[in-house]
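Taken together, the values in this text are just the output of simple stated rules run on the coordinates, not laboratory data. Bear in mind that the values here come from a model prediction, so they are computed numbers and not experimental data. Every residue, glycine among them, receives a Cβ derived from its backbone with ideal geometry; neighbour counts consider all protein chains shown.
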There are 2 protein chains.
Amino acid sequence: MFQINEHYLQLGESYLFSTIARKVEQFSATHPGADIIRLGIGDVTLPLSPAVISALHRSVDEMGTKESFRGYGPEQGYAFLREAITETDFRKRGINISPAEIFVSDGSKSDTGNIGDLLGEGNVVAITDPVYPVYLDTTLMRIGRSDRIRLLRCSGENGFLPELPQERVDIVYLCYPNNPTGTVMTREELTTWVDWALVNESLILFDAAYEAFIRDESIPRSIYEIEGARRCAIEFRSFSKSAGFTGLRCSYTVVPEELMVITHSGESVSLHYLWNRRQSTKFNGTPYIIQRAAEAVYSPAGQQEMQVMIDSYMENAAVIRKGLMDHGYTLYGGEHSPYIWLQCPDGLDSWQFFDHLLEKCHIVGTPGVGFGAAGEGYFRLTAFNSAERTVEAIGRIARLSSTR
Amino acid sequence: MFQINEHYLQLGESYLFSTIARKVEQFSATHPGADIIRLGIGDVTLPLSPAVISALHRSVDEMGTKESFRGYGPEQGYAFLREAITETDFRKRGINISPAEIFVSDGSKSDTGNIGDLLGEGNVVAITDPVYPVYLDTTLMRIGRSDRIRLLRCSGENGFLPELPQERVDIVYLCYPNNPTGTVMTREELTTWVDWALVNESLILFDAAYEAFIRDESIPRSIYEIEGARRCAIEFRSFSKSAGFTGLRCSYTVVPEELMVITHSGESVSLHYLWNRRQSTKFNGTPYIIQRAAEAVYSPAGQQEMQVMIDSYMENAAVIRKGLMDHGYTLYGGEHSPYIWLQCPDGLDSWQFFDHLLEKCHIVGTPGVGFGAAGEGYFRLTAFNSAERTVEAIGRIARLSSTR
């Protein structure tokens with residue numbers, strides 16, 4: 001009989017969001033009047049901006065006439081978008097990245113998942129704990145449960161920032177600003193990682209999906225701000241959270257041309273070549289109209305509208321931070337990230353606090369333990385609800401705290 | 001140092017279309033007045049139909065207001081599209097497929113490439129020769145060059161239809177109507193394959209991307225028209241050629257719920273579960289607006305407009321077939337497929353005929369050898385140019401043949 005990739009059988013069930021949904025459903029059924037506020041899922045709520053909507057309508061019209069219709073596009077993305085990306089996200093910031101190094105895609109979930117196609121099964125892979133589950137699950141799919149997967153434990157003690165591995169690690173996934181903890185790495189901290197990777201000939205898979213939320217120019221928005229990163233890092237970027245593209249699907253991945261690897265036979269091979277081969281073979285490009293929408297994000301109007309959206313979410317983050325800190329919560333994130341990571345009060349574990357918050361405040365968040373064992377005792381709130389609902393939610397938590 | 005998946009190094013370079021482009025460029029440079037007609041690449045040329053364009057504009061507007069904005073959708077696709085697919089493509093044809101068995105995606109290239117994620121490396125994989133290169137390249141990426149890859153040689157002798165394997169084969173890729181040969185399988189022929197798969201406990205990966213071009217109701221448009229296929233086949237479908245979505249990117253894959261595999265430890269596992277796990281982990285769904293566009297293909301207006309497009313391409317196919325046959329060419333396809341596969345005249349090999357056609361007729365086609373060694377001496381023309389240009393092209397070939 002034909003055989004399957006049995007590594008799939010070693011994956012844990014992804015119960016987190018389904019368990020949350022079931023608990024909320026049960027609560028609603030027994031509390032029909034409850035006005036539930038959701039600060040759980042990391043999805044945006046503001047609509048696409050006018051510049052993006054106009055670009056979509058214009059490009060849809062192009063697709064409706066024979067003269068301007070576009071069929072297959074380049075698998076790597078259209079030059080107009082790769083140039084807009086390079087100009088605004090890199091050149092204007094003094095970062096050396098060329099359009100040829102940009103691969104436009106349909107989402108960072110796809111790219112951070114598919115990048116493993118290029119990597120050997122003998123690598124030792126390090127992943128932070130807690131973590132965005134895709135890195136771990138896609139690594140498990142590829143190499144199975146193994147002592148070659150190392151968890152970099154984060155906790156209050158290290159400020160939820162991983163320490164450099166003391167033993168051999170070939171590949172490390174880093175996500176900053178971080179999901180779920182909202183923490184960021186300073187230039188110095190990121191530099192130590194780049195230096196470590198160069199010395200150890202390791203590869204950094206750097207997920208910068210939340211870079212647009214950074215408010216302090218001294219914090220790096222791209223790993224390529226760090227000297228040497230072009231020789232050791234791949235970076236993933238997304239329009240999902242910055243421009244509200246979660247339902248539109250556009251992202252890009254940067255693979256610098258000097259990122260090389262030596263094969264078993266001693267040959268030097270470029271990862272840019274390998275990723276290009278992967279994408280040309282297993283992907284047929286992001287829709288033309290979506291690429292025009294992404295291009296519009298880089299127009300002057302698009303940039304301004306994006307900033308308004310981000311500011312609005314970050315005001316929510318500030319409301320959550322202040323409200324919780326005023327009531328004695330220990331927390332991380334929310335300053336350069338739409339995620340607030342709080343320590344559950346009164347010694348509650350993650351799910352106990354989930355139940356508590358749902359029952360007492362009618363608020364839904366995400367139990368930290370859902371992102372890994374090291375997340376136990378923590379809890380994630382997101383800044384993606386409306387200003388009004390966020391203020392209301394924090395008021396409820398404040399009243400609860402005052403009476404406890 | 002970190003390691004790569006060295007199977008990538010065993011891939012041939014994909015020189016085919018770049019070589020064609022270079023040759024055409026050189027010819028144009030030395031023949032500046034030449035009016036070149038392209039019948040090479042399998043991309044559509046007619047614009048999106050009015051029903052599709054309207055659905056796109058409507059859904060773009062939805063994305064611009066807070067009330068109707070849609071963020072992350074289900075990874076498997078929205079219910080509205082999965083239901084429309086099931087109703088028109090299966091239920092109306094008496095085929096038993098449920099919406100839960102449909103996975104909406106961004107293209108059959110992605111799905112036929114990514115399906116390998118689920119499969120064990122010990123499988124013996126059969127691929128026809130000539131073949132759509134993605135099946136071979138993605139298999140090579142996964143398992144490397146190996147005697148576990150078997151080529152099913154097609155030729156004029158077997159009418160460019162593969163014979164059943166005489167030795168063990170665990171997985172076979174079949175594409176009908178075929179790219180590049182344009183051949184189809186009758187119900188009887190496809191039934192022998194399904195019966196073979198059931199007896200041998202093999203898996204058929206059935207690419208039906210061109211089913212909409214079938215003009216004869218007796219030819220199966222889905223493998224699930226064949227008894228037992230739900231237990232041995234995954235089917236890939238695309239909106240690319242049928243509805244002109246090559247630049248819009250939408251496809252779907254059918255994984256029936258009773259398609260099971262026995263693991264090494266004797267456990268029974270469903271491929272539907274595995275593909276769902278893969279897609280939920282490495283994919284974040286097809287854009288909402290694209291799914292609305294695909295839904296519009298199933299509206300009465302959308303269905304009629306699609307038929308007009310297909311009829312138009314198939315008239316081109318008929319022009320090419322008749323013109324070539326009138327001048328003594330031996331050919332396959334073009335009756336239920338937009339591809340015409342012809343034997344190069346006068347003993348020319350594929351590239352010699354390419355040069356000949358370019359120099360004498362200013363026509364660009366695709367050398368058959370580019371699809372595999374068994375394609376040597378053959379040549380692919382496509383029906384996707386305009387009616388006017390197709391007639392002009394065939395007139396040129398006719399004049400050439402008359403004078404030879």
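Between residue A:402 and residue A:16, how high is the FRET efficiency from 1/(1 + (r/R0)^6) when r is the Cβ-Cβ distance and R₀ = 35 Å? Nearest 0.05.
Working: r = 31 Å, r/R0 = 0.88.
Working from the Cβ atoms, E equals 0.70.
The alpha carbon centroids of region A:1-50 and region B:161-175 are separated by 41 Å. Of all DSSP-defined beta bridges confined to chain A, some 50% are antiparallel rather than parallel. A simple rule links phi to the HN-Hα coupling: the Karplus curve 6.51 cos²θ - 1.76 cosθ + 1.60 with θ = phi - 60°, which for region B:306-320 gives 4, 5, 4, 4, 4, 4, 4, 5, 6, 5, 4, 4, 5, 4, 5 Hz, with x for Gly and Pro.
For residue A:282, the lysines whose Cα falls under 23 Å of its own Cα, not counting residues fewer than eight places away in the same chain, are A:109, B:109, B:241, B:282. Find the percent of Cα-Cα distances in region A:50-301 that exceed 26 Å, and round it to a whole number. Counting every Cα pair in region A:50-301, those more than 26 Å apart make up 39 percent.
Name the trypsin sites (Lys or Arg not before Pro) in region B:89-176 that are in a loop by DSSP and that have at most 12 other C-beta atoms within 10 Å, would you? Show your work: numbers first, answer last.
Working: sites: B:91, B:92, B:93, B:109, B:142, B:145, B:148, B:150, B:153, B:168; in loops: B:145, B:148, B:168.
Answer in residue order: B:145, B:168.
Hey, got a sec? Which GluC sites (Glu not before Pro) in region A:262-356 land in a DSSP loop and have at most 14 other Cβ atoms within 10 Å?
Filter output for region A:262-356: A:267.
Within the same chain, aspartates and glutamates fewer than 8 places from residue B:322 are excluded, and of the rest, those with a Cα less than 20 Å from its Cα are B:216, B:311, B:335, B:346, B:388, B:392. Shape class of the protein assembly as shown from the alpha-carbon gyration tensor: prolate, with a/c at 1.5 or above and a/b greater than b/c.
Between identical copies, the spacing of residue A:164 label points, each set 7 Å from Cα toward the C-beta atom, reads 6.4 nm from nearest to farthest.
In terms of the Cα gyration tensor, with a ≥ b ≥ c the square roots of its eigenvalues, is region B:187-250 rounded because a/c is under 1.5, prolate because a/b exceeds b/c, or oblate? Intermediate results must be reported in sequence, preceding the final value.
Working: a/c = 3.66, a/b = 1.74, b/c = 2.10.
Because a/c hits 1.5 or more and a/b fails to exceed b/c, region B:187-250 counts as oblate.
The other copies place their residue B:199 label points at 6.5 nm from this one, listed shortest first, where each point is 7 Å from Cα along Cα→Cβ. Legend: calculated FRET efficiency, residue B:373 to residue B:299, from the Cβ-Cβ distance at R0 = 45 Å, rounded to 0.05, equals 0.50. Residues whose amide H comes within less than 5 Å of that of residue A:37, counting only those at least five positions distant or on another chain, are A:363, A:364 (H built at 1.01 Å from N in the peptide plane).
Between residue A:152 and A:127, A:128, A:129, the built amide H atoms are under 5 Å apart, and every one of these is 5 or more places off in sequence or on another chain. Karplus-derived 3J(HN,Hα) values for region B:351-360, using 6.51 cos²θ - 1.76 cosθ + 1.60 with θ = phi - 60°, are 6, 4, 5, 4, 4, 4, 5, 5, 6, 8 Hz; glycine and proline are entered as x. Placing a pseudo-label 7 Å from each Cα along the Cα-to-Cβ vector at residue A:36 and residue B:36 gives an inter-label distance of 6.1 nm.
Coupling constants for region A:38-44 follow from the phi torsions by the Karplus curve (6.51 cos²θ - 1.76 cosθ + 1.60, θ = phi - 60°), and in residue order they are 9, 10, x, 6, x, 9, 6 Hz; glycine and proline get x.
Amide H to amide H, with H built 1.01 Å from N, residue A:207 comes under 5 Å of A:174, A:175, A:176, A:236, counting only residues 5 or more places away or on other chains. The distance from the alpha carbon centre of region A:217-233 to that of region B:53-75 is 36 Å, rounded to a whole number. Looking at the protein assembly as shown, what % of its DSSP beta bridges pair antiparallel, to the nearest 5? In the protein assembly as shown, DSSP labels about 55 percent of beta bridges as antiparallel.
Dividing the summed helix terms, -39500 (n - 2.57) for each DSSP H run of n ≥ 4, by the number of residues in chain A produces a 222 nm estimate of -11500 deg cm²/dmol to the nearest 500. For region B:201-262, the antiparallel share of DSSP beta bridges with both residues in that region comes to about 50%.
Each Lys and Arg Cβ is given +1 and each Asp and Glu Cβ -1; about its Cα centre, the protein assembly as shown then shows a dipole of about 900 debye. Rounded to the nearest 20 debye, the dipole magnitude of region B:50-298 is 660 debye, with +1 charges on Lys and Arg beta carbons, -1 on Asp and Glu beta carbons, and the Cα centre as origin. Mind running the shape call on region B:217-286? Use the C-alpha gyration tensor, a ≥ b ≥ c as the square roots of the eigenvalues: rounded below 1.5 for a/c, prolate if a/b tops b/c, oblate otherwise. Oblate, because a/c is 1.5 or more while a/b does not exceed b/c.
The GluC sites (Glu not before Pro) of region B:53-117 that DSSP puts in a loop, and whose beta carbon has at most 12 other beta carbons within 10 Å, are B:67. Selection among B:65, B:164, B:119 by position relative to the dipole of region B:50-298 gives B:65 as farthest towards the positive end (Cβ unit charges, Cα centre). Distances from residue B:269 to itself in the other copies, using label points 7 Å out along the Cα-Cβ axis, amount to 2.6 nm in increasing order.
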